[in-house]
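Okay, structure first, notes after.
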Amino acid sequence: MSGTEKTKATIEQAKGKAKEAVGRMTGNERMTAEGHTDQAKGNARQAKEDVKDTFRH
């Protein structure tokens, strides 16, 4: 299950980067902020899975 969660984290990070880029190109501050939020969620999910892996081994 850990691999699935890591994949979700990577997708969330990529989605956030894309949203942020589109927001910057269009001048949409809200979309840029949403991109930052999505990236932060992905980073948090990734960190959680890394901690779980550390204690698992």
*For the chain, what is the Kirkwood hydrodynamic radius in Å, using each pair of distinct C-alpha atoms?*
11.7 Å
*Give the angle, between 0 and 90 degrees and rounded to the nearest 10, that separates the Cα long axis of helix 29-56 from the longest principal axis of the Cα atoms of the chain.*
10 degrees
_Less than 13 Å apart at the alpha-carbon level, and either on another chain or at least 8 residues along: which aspartates and glutamates does that give for Lys17?_
Glu34, Asp38
*Against the longest alpha carbon principal axis of the chain, how many degrees, from 0 to 90 and to the nearest 10, is the axis of helix 2-26 turned?*
10 degrees
*Environment charge of Met25, counting only residues whose C-beta is closer than 15 Å and scoring Lys/Arg +1, Asp/Glu -1*: +1
*Over the chain, what percent of the accessible surface lies on carbon and sulfur atoms, probe 1.4 Å?*
58 percent
_With +1 on the Cβ of every Lys and Arg and -1 on the Cβ of every Asp and Glu, and nothing else charged, how large is the dipole of the stretch 6-57 about its Cα centre, in debye rounded to the nearest 20?_
160 debye
*Accessible surface, per residue, of the chain when the full set of protein chains is kept, probe 1.4 Å, Å²*: 72 Å²
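The values are calculated or read from the model by the stated rules, or taken from the named source; none is laboratory data. Please read all numbers here as calculations on a predicted model, not as lab measurements. Positions of Cβ are generated from backbone atoms using ideal geometry, with glycine treated the same way; all protein chains shown enter the neighbour counts. Ligands, DNA and RNA are stripped out before the accessible areas are found, and what is left, the full protein with its side chains, is counted by its heavy atoms. Shrake-Rupley method; radii C 1.70, N 1.55, O 1.52, S 1.80 Å.
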